[in-house]
Each structure stands twice: as C-alpha cells, then as structure tokens.
Amino acid sequence: MKKSRKDMVFNLSLVALIFIAVIIVENIPGVNPMLSTVLKKGSIYALVAVSMNLLNGFTGLFSLGQAGFMLLGAYTYAVITIPDSAREKVYMYVKEGSAVSRSWFDNIANGLHLPEGVSNIAIMIIGMLAGGLIAAFFSWLIGLPVLKLKSDYLAIATLGFAEIIRAIFQWDKLGPVTNGSNVLRNFPTFKTAVFPLTVSAICILFIVLLINSTYGRAFKAIRDDEIAAEAMGINLAHHKRLAFVISSFFAGIGGALLAMFQNTLQATPFKSAMTYEILLIVVIGGIGSVSGSIIASFLYISASEWWLRGLDSGKFLFIESPAVLRGGFRMVVFSVIIMIIVLFFRKGIMGERELSVTRFLNFFRKKDGKNEENS
Amino acid sequence: MSENVLRLENITMQFGGVVAINDLSLEVNKGEIVSLIGPNGAGKTTVFNVITGVYEATNGAVYYEDKMILSNHPQGKMKKMYAGTNADKFPDVIVKTPDRITSLGIARTFQNIRLFKSMTVFENVLTAKHMLKTSNVFSTALRLNYKEEENARNETMQLLERLGLDDVKEELATSLPYGKQRYLEIARALATKPKLLLLDEPAAGMNPQETMALTSFIKSIRDEFDLTVFIIEHHMNLVMDISDRIYVIDFGKLISHGVPEEVQNDEAVIKAYLGVSEEDE
Amino acid sequence: MFGKLFSTCLPYILSGISVGGQYALIAIGYTMVYGILRLINFAHGDIFMVAGLIMIYSNVSITPLFMNMGFSAESAFIFSIIASVVIVLVLTVLLGLTIEKAAYRPLRSAPRMSVMISAIGVSYLIQNAAIYITGGLAKPYPTKGAAMPWLSDQITVGSTSIKRVTVITPILTILLVLALVLLIKKTKIGMAMRAVSKDFRTSRLMGIEVNNVISVTFFIGSFLAAVGSLLYFTNYASVTPTSGAMPGLKAFVAAVFGGIGSVPGAVVGAFIIGICENILKGLDNILSTAGVFKDGFTFGFATFSDAFTFILLIVILCVKPTGLFGEKNTDKV
C-alpha cells in the first residue's frame, strides 16, 4: 500500500511537471515548432497505444481494429461539431447537402449566454465523448460474434471490420452525413498541446485505475489462462466485451483528437497501416506496460517527425549525402530499428513493468547490496 | 439421511466416436469426502470437466443441491453417432458455462496446474475474489468500492495465512515449488467461497510425507470451511485414509463403489488396476 | 433481353475468374505457412508486390544490355522480358526464404503473438523500403508495346474482347495447384509437410528436419506469389508500394474461407472471392441492364467490393470458423 502510494505521488508530480514544462515551452518564442507537434501527436498516440495495450497486452485479445474505431471517433466528432455556417461549403460536393446540424447545441449555448470560448470547448468535449460512444457502440456490436474467435482469427476479423467501416464511410450514399470520400474540415480544433495532453492524461489515468482494479485483475487472469479464469467464476464473454468496448471508446476519443490535430479529415489514412503503427508502438514500449506505451509513443513520434527528419533531406548528423538520404530513407531506417526491437528486444522498453520510483530506488539499493556481498 | 450436494444421473460424454464416460451415475453428500479413482485414461478428469461445464455432456443430468445444473441429450450429428444409453430420459437442455457453475458454489483445481503465471501468489488468490464483487466497472475504476476491495484483500490475506503461503505472497506464482503451487491452487479455489470443492490429483508429484500432510490438510479444511470434497487421486494411501466413500471407473464406466474396505476387496477393481493375467482367461 | 444481360455479366465473371486465380496463387502461400507455423504471414502480400517491382526494374535494366548486343529494340525487349521473368522468380523465392530465416526462425520458440508482430514488422519494412526505392510513385508495369506482348493481347470470347491473361490465369493456376497437390500427396517432402502441419514437435522428434520443411514451404509460397504477381500486374499496368496489401489480405481471407491449411480450400475460396468481388463491381451496371434499377439509379456497390471480402470473412468465421475444408482443433483441459 505504502509503496504504491509513493509511486502514485511520484507519477502525479511527474505529470504536473510535464504540464508546467509544456506551458512554458509553448510560450517561449523561437522554440522548435517540431516540439509542439511532437507533444500534440505524441499525446494522441499515447492514448491510442494505451487503449490498444489494454486489449492486447492486459486482456490478451489480439485485436487489429484500432484504426477502424479511431475513424468512427474522428468522423463522429467532425460531423457533430462543424459549425452550421461552414457546412454548405464543406459539403459542397454532396447534392443533398449536410443532413446534420449543430443548431441544437448553438441554441442551448445561446440560451445560456455562454461566451464563445466556453461553448467551443463544450462542443469539443461533447463531440469527443460522442465519438468515443459511437466507437464503443460499434465495438460492442462487432464484439458479439467476433470475440468468440481465437487469437489470430480475432486479429484478422477485427482488421477486416476496420476495412468495412472505412468503405462504409466512403460510400457516396452516406454523403449527407460523412461527405463521402470528400474532405471534412472547419471543425473546431485545438491550438496548444495543453488540450490533447489533458484529455489523454485523464483518459490514461482512467485506464490505469481500471487496470489496477479488480476488473483489471480479471482481464489479466483471462490473458494468463482462460480456462482457469473461467473456473474462478470470471465470465469470459462479458469481460472480453468489456475490455473491447472500453478500449474502443478511448480509441474513438483518440481518433477525435487526431482529427483535431490534422485540421481536416478523410477516411483514407485510417488503413491497417495505422493499426500496425500503433501496434508497433505498443511492442516497442512493452506489451503489458502503460508507461512503456506512453514513452514509446513520444519516442516514436519524436523520431519519425523530428529527429530522423534529416535522413529524408540529405543531411543527418554530420553525414551529407543527398543521393542516399532522400525521401523515404527515414522510414526505412526506422522500420529496421523496429525489426531489431521486435527480434532481439522482445520485451520492449519496459517489458511488463511500470515506471516506478520504488523500483528505481530498489534497483540502486540492490546494486549496493551486491557490492556489499562481494566485499 | 444426509442431503445430496452433487448428483450425476446417467452422464455420457462422447467425443466423436469415443465414449469417454458411459452412463455414469453417482452422488456426493453434504460434508463427505468422496474419491473418484480409476486407471489412467479412465475418464476421471472428464467427469470433473462435465461437472464444471468445461465440456457439454452428451447425455444425462447433473444436480447441485437438488437443483438441475446440467441436462442434455444427443442432438444434431450426435443423434446418429450416439453409442450410449438413456437417450430419451433427459428432454431438457440446460447448459451452464464454467463461471456460472463456480458462482453456484463449485470450485475446482486442475491436474496440470493452471495458475495465473504473470501474477503474484497474493494476486492469484485475490483474482478469484473478483466473482464475489458487487460493484460495476466504473465504481471500481473510480475506487468507490474501496471497502469491498479492502475486505477482499483482508480475506485473501487470512486465506494465505491459513494455508501457510503468507511468507511467499509477493512471489510470482510460477516461481513456487511444485507442492506449494498445489496449495495455491486450493487457496484460489477456496477464495470463491465454495460449498463443493473438486480436487483433481492434488497429491500428484508429492512424496509420502507431503502426501500425509495434504491428507490431514484436506480433512481440516473440510471441517473449517464447511466443505464437501470430491477428489480424483492416484495415491491410494491418501484415498483410503481420507475417503468416506469411493467411486471407481474404468473406460468411463462405473465398476465399483462403496466405503474404502469394500472397494479395496472388489474383484473388478483389482482386475482393472492389475489387469487380467493370461492364465485366468 | 437475356442475351444482353449475359453479355453484360460475362466480362465481370471472366475477370472474376482471372483475379480469383491470381488470389489463389497468393492464398496458397498463406495457407501453407499457416498450416505449418500457425502464422499469418502478413509480409506475403508485400512479397507479391516486390515481385512486381523486380519485374519492372530488371526489365528496365536488362533491355539496354540486349540492345547493346545488337538486337533490335523490339526483340531486345522480348528477350529482356523472358530473362526478367526468370529473375523475378529467383529473387522472389530468395526474398521469401530470407524473411523466413531472418524474421521468423529466431522466434521459433516465442509466443505466437511475437511471430505475428514480427510479420507485421517485416511488412512495414518492405513497404517503407519500396517507398524509398520507388520514390513513392506508381511504376508502370512493362505491358505496353511489345512487352508482355502475348499475355496482354486482346482476344474475343463470345461477344466480349478481353486480355489473353484473363483466360491463361485460371488454367495456369489449376495446373500449378494440381502439381502442388501431387507434391504434397506423393513425395517424401510432401509427407514431411503434412506431418509437420499435424504436429510440429512430434515431427521434430521423429527426425524430420523441420527447418528444411519450413524453407520448402516458403519456397513454394513465394514462387507461386511471384507467378501470381506476373499475372496480376499484367492486368493492372502499375505497381505501388502498397499494391500488395489488399490482394494479400483478400488472399488470406480466401485461405480462411476455404479452411486454413487446406490447399484446395484456398483455391476454391480464392475463386469465389474473385468472382463475387468482380460481380459486385459491376452489380449496378448489371441490375440496370436487368431493369431492377431504373432511371439511372445506382447503389454504389463498387464501393464495397473490397469490404465485401471482409464481410464474408466475418460471416464465415462466425458460422463455420474452420472454413469449407478445414479441420477442427480442440484444446485439452
């Protein structure tokens, strides 16, 4: 008890420190704009990776539907929150125009005389929650048949589901809602990294609390041994569905955040490649470690968006070779690094452990202990 | 007349063309320790798997505290292939999943130990308490159930102390020596607060001293936790010492039952275990 | 009326059979690897794509060689195509074997999830490498002019004119599959393959060189993928780094549909998927011809031609997870 409390305090103060650092960094002019991108995208990917880890790492359900649920969240968010004044222009290629309106919200907001900033935040939160709920609803629906399947069959079925969703959203008959295969834009977005960091932090906190609760133990029991878990009175179908729905809810919220980050939204990038990317982040961080997923997300985004940029533009560290270091080289180097991790460091950065101050201290204590024994 | 805790009626379990259990009926009364013995491959574990709902019996019924918890008759393809008897006796179809059976009060251990391998000893037992929780997923995540959680932790601790596992509670379950893993499986089963405990070869791999200790341990938990115990076991010393009654099966069929002395002297049992010598034939 | 409907349907069915044959050749690689390693080889679709790229690059670099030797441009091109086909087959097989050795063999005793992740990693690596090499652009497949001259010629079947490759594909597929089935049923290595797919560990104990068997499996799978690639891209005219992903996934679904581990199952599944998908592409057209859709109404079935495969997958997994010809596996408690 005492140990975990110490860790809790440590982790919370770490989070607080990061927040303060972010606010300061973002307000210093002349700081590398890449840093802001990394913080925004990194926090979004952290949330999505943790939600995938809840399923793949903690419950042992190998699902590859993440991109599909993100797409559901992103589209729900965008469709709900685009201001009515902008809809005509956004839906200009759809004959019938937009079938959705947010006048209900604007009426309430006007009735309450909310200042614009507040009402903007309110509709963003409503949009995100709706995105999460829609993703959760669809995951519940697809989970009914699919969760009975064993490991790799589940993977391929969820992967297929994501592809189906993508096709449906690009269907021109749904144009009045989804804008078909045209771009959605003009929905409210965030300016600073504080917003995505806050949302991700709250969501991840919830997931961590869940993992450390009695339900989290039941999930892990299912991962370790389904038959024994069932014999201990854990209802497999119910708990698998629960993990699936919760994971998809947060993937949906992550999708909504990603839509905000990108400013525009289209279904095409939500391919299986996106799911693979997130899966690889989870693997790099360590399957079954929340802090691992978070660290890996920021590392991954920093590396791919920032540190390794030079590999694409002819100049990296002290090497200058435009012939080799051209477009795409960064991703080649990057995927080689990933393969090395997958093959030789299978536990990833954290394994199944969590970042913990007590473990950190124990590590040094043990080292001292060993030295004493030796002497 | 003692009351029934568990009763099997005409249970037949057929996998494809193989009849693993054939028309088996037996009963276990409240407070008894009953053993199920038989040569290797006789179908003993299959009996447990049928009772706990891991397998769906092809035919027959199971009663727990005189309530029907399982009933089935050959259906579909099985109708043609069925090689057992009493196919028309059980018109109802009642099938429960293992977790439902456990929540009724039947807990089990496994022949090939199945502990949660990533968890500590303490967590293994605590996880079994999950079934008894009353709070939903949101209130547990938001820690509104802290009282219940604290209770569960305290009970788990008591259980570990009682079984002598409290000194290893922070160790990984799979790092324990074999004998202790068996005790941990029993602790985990007890954590679900069962009335009927099914032990599948609890003494497997134990030496005579350990087996003796286990024998008195099983007796003592029976009294302490007000249990009825149904055991599969190969160690005959343990079986003869502990059992109120014994059932013997061979090739899925009941060949003998009674108090230990009766079974010990039964020709059929001796034949099943020792085989028939060629001269006798 | 009926004749007109038939002539509307025919091209879709014919190209369905053709695509089905190409899927079948890829699906065999999936189903055999799964049968033996219990691994969805996510990189298999990318191997197929790389075979397409090898064709393009080797053709571009070999043609000048022949021209320098004094052949006319036209015959240099034809010789170069023939040489390239050989190179494609050899290099694709080498690629498949290398992937197995480098990315799967070290994980032989690891959990299945790790191997699957490794396969996804390989797929990611191949795609990124292809983007780097091609610059992310679609590369034209050598079908123009005299190249692949014979395969992409137009011939007439009934009233429709189609490429010759459309007719060749199913025939070639069936011949190759027959040869493969004979190999599996009649030869020693085939027997070893069957044994390993039944029980990996026991086969090893019985003295079967499991690693050799696996190498042979990857050899066959990659070889057939290369043949499939030659036929497939002749129809599609260009190769992009991601053009292997979709056919790969569909071929995998075909393998599941037919019952994973079963070669004939994969072939049947692939033909069914190929035909259904192509009919779906033309369903708006067909239904308008049949008079079901009036006044230029369309449903947009074509949007779902890819998704259909996955709908089929989910349905089959829920109804009969073992597929059409699969065998049942039960866990022992």
Open item on the list: If residue B:76 meets every condition in (1) without any contact (Cβ under 8 Å) to a residue 24 or more places away in the chain; (2) at positive phi; (3) within 14 Å of chain A (Cβ to nearest Cβ) apart from one, which number is that one?
Closed with: (3)
- [ ] Identify the single condition in (1) touching a residue at least 60 places away in the same chain (Cβ under 8 Å); (2) crowded, with 16+ Cβ neighbours inside 10 Å that residue B:85 does not satisfy, given that it satisfies every other one.
- [x] (2)
Open item on the list: Within segment A:43-58, does at least one residue satisfy the condition of being exposed (fewer than 13 other Cβ atoms within 10 Å of the Cβ) and under 19 Å from residue A:355 (Cβ atoms)?
Closed with: no
Open item on the list: Tally up the residues in segment A:79-103 that are in contact with a Gly (Cβ under 8 Å, 6 or more places away or on another chain), within 14 Å of residue A:175 (Cα to Cα) and assigned to a helix (DSSP H, G or I), please.
Closed with: 2
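The rows are residues; the columns are (1) in contact with a helix residue (DSSP H, G or I) (Cβ under 8 Å, 6 or more places away or on another chain); (2) more than 13 Å from residue A:229 (Cα to Cα); (3) part of a helix (DSSP H, G or I).
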site: B:70; (1), (2), (3): yes, yes, no
site: B:76; (1), (2), (3): no, yes, no
site: B:79; (1), (2), (3): no, yes, yes
site: B:84; (1), (2), (3): no, yes, no
site: B:90; (1), (2), (3): no, yes, no
site: B:99; (1), (2), (3): yes, no, yes
site: B:107; (1), (2), (3): yes, no, no
site: B:110; (1), (2), (3): yes, no, no
site: B:116; (1), (2), (3): yes, no, no
Task: Failed item in (1) touching a strand residue (DSSP E or B) at 6+ places or on another chain (Cβ under 7 Å); (2) on the phi < 0 side of the Ramachandran plot; (3) surrounded by fewer than 18 Cβ atoms within 10 Å (Cβ to Cβ); (4) at pLDDT 90 or above, with residue B:71 passing the rest - done: (3)
- [ ] Inspect segment C:90-100 for any residue being under 29 Å from residue A:53 (Cα atoms) and acidic (Asp, Glu) and give the result as yes or no.
- [x] yes
Open item on the list: Which of the helices (runs of 4 or more DSSP H) found entirely inside segment C:223-333 contain at least 1 residues meeting this: away from chain A (no Cβ under 14 Å) and over 21 Å from the mean Cα position of the chain (by Cα)?
Closed with: C:263-290
- [ ] Give the residue that is farthest from the other protein chains (Cβ to nearest Cβ), with candidates limited to residues of segment A:222-281 that are more than 12 Å from residue A:70 (Cβ to Cβ) and β-branched (Val, Ile, Thr).
- [x] A:264
Open item on the list: Restricting to segment A:308-349, give me the number of residues that are surrounded by 14 or more Cβ atoms within 10 Å (Cβ to Cβ), more than 9 Å from chain C (Cβ to nearest Cβ) and modelled with pLDDT under 80.
Closed with: 9
- [ ] May I ask you to list the residues in segment C:124-142 that are surrounded by 19 or more Cβ atoms within 10 Å (Cβ to Cβ) and at pLDDT below 85?
- [x] C:139, C:141, C:142
Open item on the list: So, restricting to helices (runs of 4 or more DSSP H) that lie completely within segment B:180-281, which ones have at least 3 residues that are more than 26 Å from residue B:15 (Cα to Cα), free of Cβ contacts under 8 Å to residues at least 24 places away in the same chain and not assigned by TED's automatic domain parsing to the domain that holds residue B:165?
Closed with: B:208-224, B:260-264, B:267-274
Open item on the list: I'd like the residue in segment B:94-138 that is surrounded by 24 or more Cβ atoms within 10 Å (Cβ to Cβ) and of a type in the set (Lys, Arg) and, out of all such residues, is farthest from the other protein chains (Cβ to nearest Cβ).
Closed with: B:129
TODO: Please work out which residue is nearest to residue A:259 (Cα to Cα), limiting yourself to segment A:173-203 and to residues that are surrounded by 18 or more Cβ atoms within 10 Å (Cβ to Cβ) and within 12 Å of another protein chain (Cβ to nearest Cβ).
DONE: A:178
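The values are calculated or read from the model by the stated rules, or taken from the named source; none is laboratory data. This one's a predicted model, so the numbers in the text were calculated from it and none came from an experiment. Cβ sites come from the backbone with ideal geometry, for glycine too, and all protein chains shown count toward neighbours.
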